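Data block below; observations after.
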Amino acid sequence: MNSDEKIAIEKSREYIVSKSNQIVQKSRYDFTLAEQRTIAYICSKIKPIKALDRAKGTPFQLEYEFNILDYVRTCGLQDNGKLYEEVKATLKGLRDKSMWLTLPDGSETTVGWLAKATTNKRSGIAKIEIDEDLAPYLFDLKEKFLSYGLKNILNMKSQYSIRLYELLKSYYDMKVGQTDRREWQEKAYKPKKISWTVELDEFKKLLMVDTVKSYDRYPSLRQKVLEPAQNEINELTDINVYFEPITKGRKVVKLKIDMVAKLPLEKNLAECRNDELLGKLE
């Protein structure tokens, strides 16, 4: 890459991913790590709605295109000679798969992420169309939504890390609020600790591991799911997370999850670590 290309890639890694809390907290899906990373990348491309367009009732922009090589470089993927086919497979997975979303009235509906996906090997361009059913959860968000830097999730290796990070960010942002978080970031105040206590069975359903028989045993769940995700979140992102099992007799029935946003110095160290890992892949 030349210097201009490197600057463009670094800029794209700083893009912000925003989603409605509802689509994070009230959905169940079994997407691969690559599919989750691609969803975040697509969300980072969504442009804010201009006030004039909103007043005119201009439809949301559901169609986007991106250069596959830029996508690969932004995500820090190694060129193994099969990347084009892997990107095609990932987009096909997002076109074919659906997720369950719980609506405000308690009913559940299935929605997909992509209505259409097209790739062109000669031009190196991918074109996608976001399913219009998702528009209320991705566009023109004014309240009850989470935001994070795309860079925070690019180096995650566990498929549960991104899912858990988004869940925790949605609860942290919802409880702390945008104004309060900006205040301590600007003045280097000690950030608040937010706790979320959840039934273990509900938690496993959110991560789509409730049907994995081995995870009926908490030590297995902790070793295979919680600890890898916790380590990646604490090392790479803007929050630290800690798990405390709550037992009834000898059985773990709930999880108390403590979340603390990192102080500016800690966040900078995490960003340096991300830059270091991504740099090795260029």
Exercise. What residue, among those in segment 195-211 that are among the hydrophobic types (A, V, I, L, M, F, W, C) and assigned to a helix (DSSP H, G or I), is surrounded by the most Cβ atoms within 10 Å (Cβ to Cβ)?
Worked result: 203
Problem set entry | Near pairs, Cβ below 7 angstrom, 6+ apart or cross-chain, from segment 220-247 (in the same structural domain as residue 166 (by TED's automatic domain parsing) and part of a loop (DSSP other than H, G, I, E, B)) to any residue that is aliphatic (A, V, I, L, M) and at pLDDT below 95 | 237/270; 238/261; 238/270
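Please pick out the residue among 47, 88, 116 that is modelled with pLDDT under 85 and either under 24 Å from residue 8 (Cβ atoms) or in contact with a strand residue (DSSP E or B) (Cβ under 7 Å, 6 or more places away or on another chain) (or both).
Values: 88 fails: modelled with pLDDT under 85; 116 fails: modelled with pLDDT under 85.
Of 47, 88, 116, the one residue that is modelled with pLDDT under 85 and either under 24 Å from residue 8 (Cβ atoms) or in contact with a strand residue (DSSP E or B) (Cβ under 7 Å, 6 or more places away or on another chain) (or both) is 47.
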Seminar exercise, completed: Checked segment 105-130 for anything out of contact with any helix residue (DSSP H, G or I) (no Cβ under 8 Å at 6 or more places or on another chain) and in contact (Cβ under 8 Å) with a residue 60 or more places away in the chain; matches are 127, 129
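Check 220, 214 and return the single one that is surrounded by fewer than 13 Cβ atoms within 10 Å (Cβ to Cβ) and modelled with pLDDT of 90 or more. Show your work before the answer.
On the way: 220 fails: surrounded by fewer than 13 Cβ atoms within 10 Å (Cβ to Cβ).
Unique residue meeting the criteria: 214.
Kindly indicate which of 244, 227, 232 is under 22 Å from residue 174 (Cβ atoms) and modelled with pLDDT of 95 or more. Steps first, please.
Numbers: 227 fails: under 22 Å from residue 174 (Cβ atoms); 232 fails: under 22 Å from residue 174 (Cβ atoms).
After applying the criteria, what remains is 244.
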Exercise. Which residues, taken from segment 1-42, are among the acidic types (Asp, Glu) and more than 21 Å from residue 110 (Cα to Cα)?
Worked result: 4, 5, 10, 14
Exercise. Do you know which residues across segment 27-48 are buried (at least 21 other Cβ atoms within 10 Å of the Cβ) and of a type in the set (Lys, Arg)?
Worked result: 37
Exercise. What residue, among those in segment 53-63 that are part of a helix (DSSP H, G or I) and loosely packed, with under 14 Cβ neighbours inside 10 Å, is modelled with the highest pLDDT?
Worked result: 56
Seminar exercise, completed: Being closer than 22 Å to residue 150 by Cα, in contact with an Asp or Glu (Cβ under 7 Å, 6 or more places away or on another chain) and either at pLDDT below 95 or among the small types (Gly, Ala, Ser) (or both) narrows 262, 193, 169 down to just 262
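The values are calculated or read from the model by the stated rules, or taken from the named source; none is laboratory data. Since this is a predicted model, take the numbers as computed values, not measurements. Here the Cβ is made from the backbone with ideal geometry for all residues, glycine too, and neighbour counts use every protein chain on show.
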